[in-house]
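First the structure, in the form of structure tokens, and then the observations on it.
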Amino acid sequence: MATVVGSVMTSHVPAIGRAIAKGLQQDPYWKPFFDGYPPVRRWLAQAKPDVAVVFYQDHGLNFFLDAMPTFAVGAAAEYVNADEGWGIPTVAPIRGDASLSWHVIEQLVADEFDVTTCQRMKVDHALTLPLALFWPGEGPPPVRVVPIAMNHVQHPLPSPKRAYALGESVGRALATWDADVRVVVVGTGGLSHQLDGQRAGFINKPFDLMCMDALVDEPRKLTKYSALDIVREAGAQGTELMAWIAARAALGGRVSKVHSNYHVPISNTAAGLLALANDAPLSRAA
Ligand code: DHB
Ligand code: FE
């Protein structure tokens, strides 16, 4: 039976990839950011996940404005990374878990999510950088991934309520996954940021900290916001928060906070990190 060990949510700014490539972790600009990760790495080393279900966003690498799925689930044995134009090194293909992907897709469709299924899908910095932060070094990350891309690019966007329901459905899938695997649920993106327009550089620390608190004990509180509320409160790209909401919803019940970090700014973004241990990690096959 699958064991859902918990969740890690993190920002995914491309500049992190450049900082890793240049070894800038101790640089005064980067240190307060990178110092957030060792406690999370230690927890992951103990929790030993085999699989990471990753709620993230595609920023134009695999999907563009001409054809934008609201929710797309990878169902491949591996996912290729490619140059997105940020000038950061690309990484070797990331291993997938196609069997679990199809099980997740079955549950999502049963729960009336009409998802796009992708047997070939490129993954961008939103998926590769969190893995590099959690499992640094030369080798491949020690997990297989189930990538779930959520549209945060082209309006209309899904609502936080819908993101929560998506996460709950994935949680149901994990609870009935009859395989001896340990699963961590990852949410990437956020927190508040806006990269363009009149509010470029916008950051809302009180809102971010409220969300990070709510995600621990009262995540449903965040479902009262509309997608446009999130744009207003967290900036146009702050809607990436939706991936954190989905990841938390996949855990369901009570969680314990393992670690959190918040540092402003990294590039144009309020960089957040939150690791949650599942208080009832053993899933029960239905
Ligand atoms: C930045 C943040 C993002 O979430 C992203 O996808 C790209 C760039 C930034 O702050 O530079
Ligand atoms: Fe992003």
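Here are a few things to note about the model shown:
- Of the helices (runs of 4 or more DSSP H) lying entirely inside region 205-286, the ones with 2 or more residues being open to solvent by 40 Å² or more (accessible area, probe 1.4 Å) and more than 16 Å from ligand 2 (Cβ to nearest atom) are found at 205-217, 227-234.
- Of all residues in region 168-187, those satisfying the criterion of being within 16 Å of residue 107 (Cβ to Cβ) and charged (D, E, K, R) are 168, 172, 178.
- Some residue of region 275-283 being in contact with a Gly (Cβ under 7 Å, 6 or more places away or on another chain), within 16 Å of ligand 1 (Cβ to nearest atom) and touching a residue at least 24 places away in the same chain (Cβ under 8 Å): no
- The listed residue being in contact with a strand residue (DSSP E or B) (Cβ under 7 Å, 6 or more places away or on another chain) and within 13 Å of ligand 1 (Cβ to nearest atom), out of 58, 50: 58
- Summed over region 18-44, residues that are crowded, with 22+ Cβ neighbours inside 10 Å and within 13 Å of ligand 1 (Cβ to nearest atom) total 1.
- In the set (1) surrounded by 15 or more Cβ atoms within 10 Å (Cβ to Cβ); (2) under 22 Å from residue 4 (Cα atoms), residue 123 fails one condition alone, (2).
- When restricted to residues that are modelled with pLDDT of 95 or more and open to solvent by 60 Å² or more (accessible area, probe 1.4 Å), region 129-152 contains 3.
- Out of 37, 56, one residue alone is within 16 Å of ligand 2 (Cβ to nearest atom) and modelled with pLDDT of 95 or more. It is 56.
- Looking at 196, 180, just one residue is away from ligand 1 (no atom under 16 Å from the Cβ), part of a loop (DSSP other than H, G, I, E, B), charged (D, E, K, R) and farther than 15 Å from residue 145 by Cα, and that residue is 180.
- Filtered residue count, region 1-15, keeping only those that are within 16 Å of ligand 1 (Cβ to nearest atom) and in a loop (DSSP other than H, G, I, E, B): 4
- Residues in region 168-204 that are within 27 Å of residue 45 (Cα to Cα) and within 15 Å of ligand 2 (Cβ to nearest atom): 186, 187, 188, 189, 190, 191.
- Residues in region 103-120 that are surrounded by 15 or more Cβ atoms within 10 Å (Cβ to Cβ) and out of contact with any helix residue (DSSP H, G or I) (no Cβ under 7 Å at 6 or more places or on another chain) were compared, and the one that is farthest from residue 63 (Cα to Cα) is 105.
- Which listed residue is touching a residue at least 60 places away in the same chain (Cβ under 8 Å), within 16 Å of ligand 2 (Cβ to nearest atom) and not basic (Lys, Arg), from 10, 70, 3: 10
- Tally, over region 20-34, of residues that are more than 15 Å from residue 260 (Cβ to Cβ) and either within 16 Å of ligand 2 (Cβ to nearest atom) or not in a helix (DSSP H, G or I) (or both): 9
- Residues that are in contact with a helix residue (DSSP H, G or I) (Cβ under 9 Å, 6 or more places away or on another chain), more than 15 Å from residue 125 (Cα to Cα), assigned to a loop (DSSP other than H, G, I, E, B) and open to solvent by less than 70 Å² (accessible area, probe 1.4 Å) within region 45-93 comprise 70, 75, 76, listed in sequence order.
- On the stretch given as region 172-185, residues that are open to solvent by 10 Å² or more (accessible area, probe 1.4 Å) and in contact with a Ser or Thr (Cβ under 9 Å, 6 or more places away or on another chain) total 7.
The values are calculated or read from the model by the stated rules, or taken from the named source; none is laboratory data. Values in this document were obtained by computation on a predicted structure and should not be read as measured data. Neighbour counts are summed over all protein chains in view; Cβ atoms, including those assigned to glycine, are modelled from backbone coordinates with ideal geometry. The area values use the complete protein model at the heavy-atom level, side chains included, leaving out ligands, DNA and RNA. Shrake-Rupley method; radii C 1.70, N 1.55, O 1.52, S 1.80 Å.
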